[in-house]
Amino acid sequence: MGAALAVVLLHIAIAWGHPALFWGDNGRWLHELDRVAHGATVYRDIYWSFPPLAMWLLGGATRVIGSDLSQVWTLTSLLAVGIALTYGAVVARLVPGRLAITLAATGMLLGAAYSQQFSAPLALGMYTPAAPVAFFCLVGQLLLFLRDWERPSSVHALSVGAAGGLGVLAKHDVWIPCLVLAIAAATLTAPGREGRAPRLVAALGGLMVTCMAGAAILVAQHDLAALVDIFAGFGQLDEYAGVYLPNVSQLTVEVFTLGLAIAVAAMVAWAGGAVRARRVRVAIAAGLVLAAAATALWCWKAETVARDVLTHGQPALRTPFHAALRPIRPTPEARLRKAFAALRLQALRHVIPTLATLALLALLAASRSRIANANRWRLLIVLLIVCLSLRARRMIAFTEWSTLMLEIPVYAASLALVWPTLRRPGVRALQLGCAILALFALRMHWEDGYGVASRRGIGVAIDTPRGRIRMPPGLVSDLAYVRDLGLAIDPSGTRPIFAFGYSGALAYFLDRPSVDPLSQGFRFSVLPTPDSAYRIAARVKPRLILVDNVAYGEPVQAARFAPWRWMPEMAVNAYERVDRPLFDALRDGCDVVTLPRRRSAIFTVYDCASATRHSGAGS
């Protein structure tokens, strides 16, 4: 536990003050939490696209201690510490001895670094605090499951099921792994003195009772029909379910990463003295062949796409593959270097490929006859299935921080079971492998992280009404631009601000009133239709300060199963498709305001005080 705790404390110190993209996810949920802290009811007075547990916990706490940045970040940092302590205990149960210290530190380092992919840091609540709350529930359930596996009892099984129910109430990502652990506790753990039937009732009953208790609270606050909207994210499920379905470009990255992983693992095993040189040569050759084939396919497709763009221009709906190749270089050699750099970055995001979990499952299954400890074999099969199910949401799009943390000790325990001679030489090999993974974590922190030892650096400080934050100079300039224009329009700070996209983010950091319950625009709200949400804003139009944000125009992957396509089919995102016409109607009659010799790359600010009437869609 101490190793994981030391890593997370260092992460907290480095990440403190860096909220990532202030107008993005982090600012959005800070506003929603702030509204709950001041008495709003989630799902009625304010939008929240996740199950309720994180908001119940953090919202309840901020009603007591406050919802400024230092107070919220103290809560999210304590949550990160809780994850580290529980994770350290899980690793110690799975991998005894000194190796547990190395694995716990490596897993926590990977978790802290990879939590920053497209997100604020783990210590600051990420893109939603529901993510760390859900993983805390899962890793806590796993710890209870391991205790129950070692000392079976119905009481322990009940605790496993109840912890799984909390995970269901936290976030969709952990629903399947929480259910897997509850079912395994009911059916695969040794029955103990009570027998199988009491265990079945205890584990599954604990899961169901916890879920039903949470549902009963929601029904009491809202109504039975609201449960569907709440657990479907008020339109998020309809809009985004299936956006991570696989395609050939993602599979190519998976094969490339798997090939490198095989080659590196073989070299590490040889360096640690765990395997003979002949096997190492075969494994290295096989891994490099896989990686080379994937590289050739990737670079060939990159050149094809680049030539098409040079001839016909960028497509209207640019794919992630197109975006990774920008800007298109003028010479084939430069384009090749750009393509390979894009492949390297994608491989970094897939540092442990999904195929590795499947390979280990197959290896364990094939080794069943020569493994004496059948109970340990069943346990690791269950844990590998849990690891695989945790990848269900992102599939092979990229590797989640929580997945990496969970897989590190499970992989080590699986390898130790398959190769019982994996003692002193094997420990050296695993420690060397952990050192290599730690380097990947540091590289990811450099690419996507914040603060010391990151590409973004420590940033520039800016004081907001909610506390001091640090961001890159461009983001600081954008926030100061909207802040200063808002004060020029309304020095009292009492007029509400409404922005295109995540409107609540600016309301929080500028400490201005919002147009409740519209924290994420018109498409995603607790109102029944976008038009009804629009009418809420239209009623207070003469008081509004409107902020347009052109950064919400990127297309999204269409939710269509087409694994034979090289690139995913793209679609216009919900903000451009639904919110844009309504926002344009809302700003009709409002005046653009500017500051002398200052501008923003993404924001345009409007003063609607002169708008005496309103027309447009939804009126």
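The values are calculated or read from the model by the stated rules, or taken from the named source; none is laboratory data. Note that this is a predicted model, so its numbers are computed, not measured. No Cβ is skipped: glycine too gets one built from the backbone with ideal geometry, and neighbour counts run over all protein chains shown. Protein only, heavy atoms only, side chains kept; ligands, DNA and RNA dropped before computing areas. Shrake-Rupley method; radii C 1.70, N 1.55, O 1.52, S 1.80 Å.
Taken over the stretch 319-394, the convex hull of the Cα atoms encloses 108 Å³ per residue. The packing ranking, built from the mean of other Cβ atoms within 10 Å per residue, places the peptides 386-393, 598-605, 457-464 in the order 386-393, 598-605, 457-464, highest first.
Within the shell defined by Cβ-Cβ distances under 12 Å, the residues around Trp300 carry a net charge of +2, with Lys and Arg each +1 and Asp and Glu each -1. With a Förster radius of 56 Å applied to the C-beta separation of Val248 and Thr494, the computed FRET efficiency comes to 0.55.
Each principal axis of the Cα cloud of the stretch 101-191 was taken in turn, and the coordinate range along them, longest first, works out to 43, 32, 16 Å. Take every DSSP beta bridge whose two residues both sit in the chain, then give the antiparallel share in percent to the nearest 5. Within the chain, antiparallel bridges account for around 80 percent of the total.
Only helices enter the 222 nm calculation for the chain: every DSSP H run of n ≥ 4 contributes -39,500 (n - 2.57), and dividing by all residues gives -19500 deg cm²/dmol, rounded to 500. Sorting Leu442, Leu204, Leu406, Leu224 on solvent-accessible area from highest to lowest, probe radius 1.4 Å, gives Leu224, Leu442, Leu204, Leu406.
Remark: the Ile458-Val201 segment gains 87.3 nm on full extension, using 0.36 nm per residue and subtracting the alpha carbon distance. Helix 332-349 and the longest principal axis of the C-alpha atoms of the chain enclose an angle of approximately 70°. For the chain, the equivalent ellipsoid derived from the alpha-carbon gyration tensor has semi-axes of 43, 31, 22 Å in decreasing order. For the stretch 313-368, the residue among Ala366, Ala347, Thr331 whose Cα projects farthest onto the positive side of the dipole built from Cβ charges is Thr331.
Taking the average, over residues, of other Cβ atoms within 10 Å as the packing measure, peptides 154-162, 546-554, 262-270 rank 154-162, 262-270, 546-554 from highest down.
Counting Lys +1, Arg +1, Asp -1, Glu -1, what net charge surrounds Ala186 among other residues with beta carbon under 12 Å of its beta carbon?
Working: positive: Arg196, Arg199; negative: Asp148.
Here the charged neighbours net out to +1.
May I ask you to derive the FRET efficiency for Arg597 and Ala362 from their Cβ-Cβ distance with R0 = 60 Å, giving the value to the nearest 0.05?
On the way: r = 64 Å, r/R0 = 1.07.
It comes to 0.40.
Taken over the stretch 239-381, the alpha-carbon convex hull comes to 145 cubic angstrom per residue. To the nearest ten degrees, helix 53-65 and the longest principal axis of the Cα atoms of the chain are 60 degrees apart. Here the chain is assigned +1 on the Cβ of each Lys and Arg and -1 on the Cβ of each Asp and Glu. Its dipole about the Cα centre then comes out at about 2220 debye. A simple charge model with +1 on the Cβ of Lys and Arg, -1 on the Cβ of Asp and Glu and nothing else charged puts the dipole of the stretch 421-486 at about 500 debye relative to its Cα centre.
Evaluated with a Cβ-only charge set (Lys, Arg +1; Asp, Glu -1), the stretch 434-573 carries a dipole of roughly 140 debye about its Cα centre, given to the nearest 20. Of the solvent-accessible surface of the chain, computed with a 1.4 Å probe and all protein chains present, 64% belongs to carbon and sulfur. With a cut-off of 13 Å between beta carbons, the residues surrounding Ile462 carry a summed charge of +1, where Lys and Arg count +1 and Asp and Glu -1. Highest mean packing comes first when the peptides 443-451, 184-192, 366-374, 132-140 are listed by Cβ atoms within 10 Å, giving 132-140, 443-451, 184-192, 366-374. For the chain, the longest principal axis of the alpha carbon atoms and the long axis of helix 2-15 meet at an angle near 20°.
Rounded, prolate or oblate: which fits the stretch 393-529, taking a ≥ b ≥ c as square roots of the Cα gyration tensor eigenvalues, rounded meaning a/c under 1.5, else prolate when a/b beats b/c? Since a/c reaches 1.5 and a/b is larger than b/c, the shape of the stretch 393-529 is classed as prolate. Per residue, the chain exposes an accessible area of 41 Å² to a 1.4 Å probe, with every protein chain left in place. Within the full protein context, the accessible area of Ile352 is estimated at about 20 Å² for a probe radius of 1.4 Å.
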